[in-house]
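Student: A single structure is presented below for examination.
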Amino acid sequence: MNNSERRRKKIIAGNWKMNKTPAQATLYIGSLLPKIENIDGADIILCVPFTDIHAAAAAVSGTPIKIGAQNVHYAEAGAYTGEISAAMLRECGVEYVVVGHSERRGYFGETDVTVNLRARAALKGGLKVILCVGEDIDERESGITDELVTMQLYTALLGVTKDELERVIIAYEPIWAIGTGKTATSEQAECECALIRDLLTKKYGEAGQKTAILYGGSMNASNAAELLSKENIDGGLIGGASLKEDDFAAIIKAAGTI
Ligand code: PEP
């Protein structure tokens with residue numbers, strides 16, 4: 001099964017991180033929409049801060065853009081100050097959630113185990129999960145990238161069923177490429193995405209062939225087409241370049257024409 005048989009459309013997901021107020025979110029979406037009007041070759045997701053969800057969901061209503069959150073807690077409710085549940089997100093119009101982003105792992109102590117708990121809770125709560133994995137520079141230079149990615153992926157997917165896998169997107173995000181302007185070469189990115197495809201297929205059979213695998217790490221309008229042309233790269237998770245409508249629209253256009 002090749003890429004075109006697997007997925008008709010690429011997926012372009014923006015991760016705003018801790019940027020934009022609700023008013024800025026509304027303005028951004030109003031300005032992005034006319035720029036991508038005639039492009040239907042890519043599914044578009046905006047992963048916005050919790051406080052922007054309401055405004056962003058209203059602004060994308062009736063358009064093809066979907067809203068994602070940037071994290072979710074693993075309990076259904078309870079004494080977890082500062083956390084947000086899957087049901088809360090769903091009720092606000094969220095369809096996707098990023099789980100295991102390297103900034104959550106690095107700054108907020110998330111582990112492969114909590115990533116697994118969050119992913120399972122999100123799936124149980126009806127959300128689609130964008131599950132992030134990827135190595136840091138020391139791990140790459142030590143030659144353990146494949147082992148690390150394998151461990152992260154398989155731990156995060158423990159207990160995730162084949163049916164649930166249909167609502168999982170994997171994002172391969174080398175930490176050394178995130179927010180650094182230093183993109184992985186398309187060969188490096190394809191190599192890890194192909195490994196992920198192989199691991200998914202070993203665990204889930206044919207279902208693993210259908211899972212979308214994104215690349216993330218300083219993707220921009222100039223390098224998107226090359227990265228997205230690779231067999232196992234089904235889209236991008238985009239941080240910095242998703243903050244400006246023109247840059248994000250250019251990436252969506254690049255994806256829509258591949
Ligand atoms: C990200 O936040 O997931 C990301 C890939 O960021 P950037 O595009 O800025 O490297």
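A short reminder: the numbers here are calculations on the coordinates, not readings from a lab. All figures in this text were calculated on a predicted structure; none of them were measured in a lab. Glycine gets a Cβ as well: all are built from the backbone with ideal geometry, and neighbour counts include every protein chain shown.
Student: Relative to the compact-globule scaling 2.2 N^0.38 Å, provide the ratio for the alpha-carbon radius of gyration of segment 70-116.
Tutor: 1.15
Student: Kirkwood-based Rg over Rh for segment 1-122 (C-alpha set), two decimals?
Tutor: Result: Rg/Rh = 1.00.
Student: Is any residue of segment 46-72 close enough, with backbone N under 19 Å, to a label point placed 7 angstrom from the Cα of THR21 along the Cα-Cβ axis, and if so, which?
Tutor: Of the residues in segment 46-72, 48-59 have backbone N under 19 Å from the label point off THR21.
Student: On to the next question. Taking amide hydrogens as modeled 1.01 Å from N in the peptide plane, which residues meet the under 5 Å criterion relative to LEU131, leaving out close sequence neighbours?
Tutor: VAL99, ILE169, ILE170, ALA171
Student: Another question, if that's okay. What number, rounded to the nearest 500 deg cm²/dmol, is the helix-based mean residue ellipticity at 222 nm of the chain, given -39500 (n - 2.57) per DSSP H run of at least four residues and division by all its residues? Provide the component values of the computation, followed by the final result.
Tutor: Values: 13 runs with 113 residues, N = 258.
About -12000 deg cm²/dmol.
Student: May I pose another question? Report ³J(HN,Hα) in whole Hz for each residue of segment 235-250, in order, from the Karplus equation J = 6.51 cos²θ - 1.76 cosθ + 1.60 where θ = phi - 60°; Gly and Pro get x.
Tutor: x, x, 10, 10, x, x, 6, 8, 7, 10, 3, 5, 5, 5, 4, 5
Student: Still on this structure, please answer the following. Once all Cα-Cα distances of the chain are split into 5 Å bins that start at 0, what whole-number percent is in each one?
Tutor: 1, 7, 14, 19, 21, 18, 13, 6, 1, 0
Student: Under a 10 Å cutoff between Cα atoms, tell me which one of ALA86, ALA42, ALA58 has the largest fluctuation in the Gaussian network model of the chain.
Tutor: ALA58
Student: Per-residue HN-Hα couplings for segment 156-164, Karplus 6.51 cos²θ - 1.76 cosθ + 1.60 at θ = phi - 60°, whole Hz, x for Gly and Pro?
Tutor: Going residue by residue, I get 5, 9, 4, x, 8, 7, 4, 5, 5 Hz, with x marking Gly and Pro.
Student: I've got another one for you. Give the percent of DSSP beta bridges with both residues in the chain that are antiparallel, rounded to the nearest 5.
Tutor: Given both bridge residues lie in the chain, the antiparallel proportion sits at roughly 0 percent.
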